[in-house]
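What follows is a single structure, written as structure tokens, with notes after it.
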Amino acid sequence: MCLGIPGQVVEITDPQRKLGLVDVAGVKREINLACVVDEAHPLEACVGDWVLVHVGFAMSRIDAQQAAETLAILEQLGEVQEEIAAMRASAASPGAGTP
Amino acid sequence: MKYVDEFRDPEKAKRLLAEIEGLSARITERLGRPLAIMEVCGGHTHSIFKYGIETMLPRSVELVHGPGCPVCVLPMGRVDDCVALAETPGVIFTTFGDAMRVPGSKKSLLQAKAEGADVRMVYSPLDALAIARDNPDREIVFFGLGFETTMPSTAMTVLAAEAEGIENFSLFCNHITIIPTIKAILDSPDLRLDGFLGPGHVSMVIGTRPYNFIAEHYHRPVVIAGFEPLDILHALWMVLKQIDEGRAEIENQYARIVPEEGNAVALDAIARVFELRPYFEWRGLGSIDHSGVRIREAYGRFDAERRFSVPALKIADPKSCQCGEVLKGVIKPRDCKVFGSVCTPETPLGALMVSSEGACAAYYQYGDLAVLEAEGA
Ligand code: SF4
């Protein structure tokens, strides 16, 4: 109920009620898109969007850019971590190792 | 989506865990005690158990599973009200599947259905509205529950009912709101927390600003987190980093879904249809001021509580049930006297055993053995 499932908007079916067909893991159903449209992103622009669907309502467009950035941070974190670990190891007395 | 797999990369998880271990060792040495971090959201609790995150963490970091599962905190009296509504002649009672097995004082909705009440599981409140459209001679009641994540969907369904002139639809509103709940937890005397993993999807609706008071007044860090294993580890690392650096801020790890300002359309629908109740009763936690919402006067004809007479009795939880202490993180599920014996997912005594987002069901299903093994018990 609270987790939400990502799906991709396939077509707009009822502009009046802001309904569209969304493909959620191969299952297509009509979803309310009112929460993911605004002036800058009108209903017609939603086709192809990835959205997070909660109980029949698309509640958020999934920001691919932000997703990529989070992943990049995680990537970096790994590298920084390795560096720090290496630094720690070299700073510790030889042979002592770090816990 | 391709990047979903990347949020499960075991290599990245390992590095994050090493990082978390280093930070927590440093902090706990300085503080002279282990750290307690609460995940407020039931979705996080579910992920944490599903992916065994608790067992990977150093013992100096304890995760406290908060009250963020809306099914789990429903008091018995409200379930009894649902059953009474479902058994009202002419009513079709519609609900999310999660709520079907929550025990009331006499029966659950599932039992009421077996005894002949017309109870139907729906995926969306819009499906309940469709049933109302198709059955003009029946009264359709939708059981609305959940935090701000599901609140907009029921609000917009009420608005749709009004726009279409569907008059045989009403909402039994049991929505709860996150901020007063967190405040009650922070004010609870038997609870000591060092920081929070903030709920991802509630925040997608309300944004990040409503949490500011936690940093400003309670000086605790909050990191809004996603639900993939790496999201949770990443957010936890961010919380520890704040603690280590002596900061208390609201940070957003889940920016790919959560905008700082929330969702304007959803907030507007909520504000139009709902208003705060003076207080709302929670299972295990008692009454919390302003923690629930009800339907505004202007939409009163869509309010099942106004339309039908509901018993609204206060029913005490069973004596042996320790859901309240588990909800507040004072005890672990396995410390409850009836855990796994009288209370199991098949025969739940407390609501925490019902939904997979409930701490007890999650422990029972995934976690307990692994945790015991990790602790060498
Ligand atoms: S084991 Fe059952 S009764 Fe005990 S706290 Fe968990 S859900 Fe409640």
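Readers should treat all values here as calculations from the given coordinates under stated rules, not as data from a laboratory. Computed from a prediction, not measured in an experiment: that's the story for all the values here. Note that each Cβ is placed from the backbone with ideal geometry, even for glycine, and that neighbours are counted across all protein chains shown.
Residues whose amide H comes within less than 5 Å of that of B:Gly262, counting only those at least five positions distant or on another chain, are B:Gly207, B:Thr208 (H built at 1.01 Å from N in the peptide plane).
Legend: mean number of C-beta atoms from other chains within 10 angstrom of residue C-beta atoms, peptide B:144-156, equals 3.
Would you work out the relative contact order for the range B:82-175, in percent, from Cα pairs under 8 angstrom that are 6 or more residues apart? Show your work: numbers first, answer last.
On the way: 141 pairs, mean separation 27.1, N = 94.
Relative CO of the range B:82-175 lands at 29 percent.
For B:Glu29 and B:Ser287, what is the calculated FRET efficiency with R₀ set at 41 Å and r taken between the beta-carbons, to the nearest 0.05? With R0 = 41 Å, the Cβ-Cβ based efficiency is 0.50. Placing R0 at 41 angstrom, the Cβ-Cβ distance between B:Ala271 and B:Ala36 gives a FRET efficiency of 0.75 after rounding to 0.05.
Projecting label points 7 angstrom from Cα along Cα→Cβ for A:Thr13 and B:Glu249 puts them 4.5 nm apart.
Global dimensions of chain B from alpha-carbon coordinates: Rg and Dmax equal 21.0, 68 Å.
Ranked highest first by average number of other Cβ atoms within 10 Å, how do B:293-301, B:32-40 line up? Don't skip to the answer; put the middle values down first.
On the way: B:293-301: 16.6, B:32-40: 19.0.
So the peptides B:293-301, B:32-40, ranked by packing, come out B:32-40, B:293-301.
Karplus-based coupling profile of the range B:89-99, in residue order and whole Hz: x, x, 8, 9, 9, 10, 8, 5, x, 3, 8, with θ = phi - 60° in 6.51 cos²θ - 1.76 cosθ + 1.60 and x standing for Gly or Pro. Looking only at the range B:87-104, which residues have a backbone nitrogen under 18 Å from a spot 7 Å from the Cα of B:Met121 in the C-beta direction? Only B:93-104 pass the distance filter. So what is log10(I(q)/I(0)) for the protein assembly as shown at q = 0.05, 0.08, 0.09, 0.12 1/Å, when the Debye sum runs over its Cα atoms only? Here the Debye-derived log intensity ratios amount to -0.19, -0.48, -0.61, -1.08. The relative contact order of the range B:1-142, computed from alpha carbon pairs under 8 Å that lie at least 6 residues apart in sequence, is 18 percent. Net charge in the neighbourhood of B:Asp303 (other residues with Cβ under 10 Å of its Cβ; Lys, Arg +1, Asp, Glu -1) is +3. The protection proxy used here, the mean number of other Cβ atoms lying within 10 Å of each residue, ranks peptides A:44-52, B:190-198 as follows, highest first: B:190-198, A:44-52. Counting only other chain Cβ atoms within 10 Å of each residue's Cβ, the peptide A:50-56 averages 6.
For B:255-266, what's the mean count of beta carbons from other chains sitting within 10 Å of each residue's beta carbon?
On the way: counts 6, 13, 10, 3, 4, 0, 0, 0, 6, 2, 9, 6.
Mean shielding count: 5.
Projected onto its three principal axes, the C-alpha set of the range B:1-74 covers 38, 37, 15 Å, listed from the longest axis down.
With Cα atoms defining each centre, the range B:155-221 and the range B:261-277 are spaced 11 Å apart in the structure. Anisotropy class assigned to the range B:208-328 is oblate, per the alpha carbon gyration tensor with a/c at or over the 1.5 cut-off and a/b no larger than b/c. For B:Ser287, nonlocal amide neighbours, meaning residues 5 or more places apart or on other chains whose placed amide H falls under 5 Å from its own, are B:Trp282. In this structure the amide hydrogen of B:Glu62, modeled in the peptide plane, comes within under 5 Å of the amide hydrogens of B:Leu35, B:Ala36, B:Ile37, none closer than 5 places in sequence on its chain. Applied to the range B:216-222, the Karplus parametrisation 6.51 cos²θ - 1.76 cosθ + 1.60 on θ = phi - 60° returns per-residue 3J(HN,Hα) values of 6, 9, 10, 6, 10, x, 10 Hz, with x for Gly and Pro.
Using a simple spin-label model with pseudo-atoms 7 Å out from Cα toward Cβ, B:Glu164 and B:Arg209 lie 3.4 nm apart.
Simple rule: put +1 on each Lys or Arg Cβ and -1 on each Asp or Glu Cβ in the protein assembly as shown, find the dipole, and look at B:Asn174, B:Pro125, B:Gly340; the Cα lying farthest toward the positive end is B:Gly340. Working ranking of peptides B:245-256, B:46-57 by packing, defined as the average number of other Cβ atoms within 10 Å per residue, highest first, is B:46-57, B:245-256.
So which GluC sites (Glu not before Pro) in the range B:136-219 end up in coil per DSSP with only 16 or fewer other C-beta atoms within 10 Å?
Values: sites: B:Glu139, B:Glu148, B:Glu162, B:Glu164, B:Glu167, B:Glu216; in loops: B:Glu148, B:Glu167.
Of the GluC sites (Glu not before Pro), the ones in loops of the range B:136-219 whose Cβ has at most 16 other Cβ atoms within 10 Å are B:Glu167.
Lacking any other cysteine beta-carbon closer than 4.7 Å, the following Cys residues of chain B have no compatible partner: B:Cys41, B:Cys82, B:Cys173, B:Cys321, B:Cys323, B:Cys336, B:Cys343, B:Cys360.
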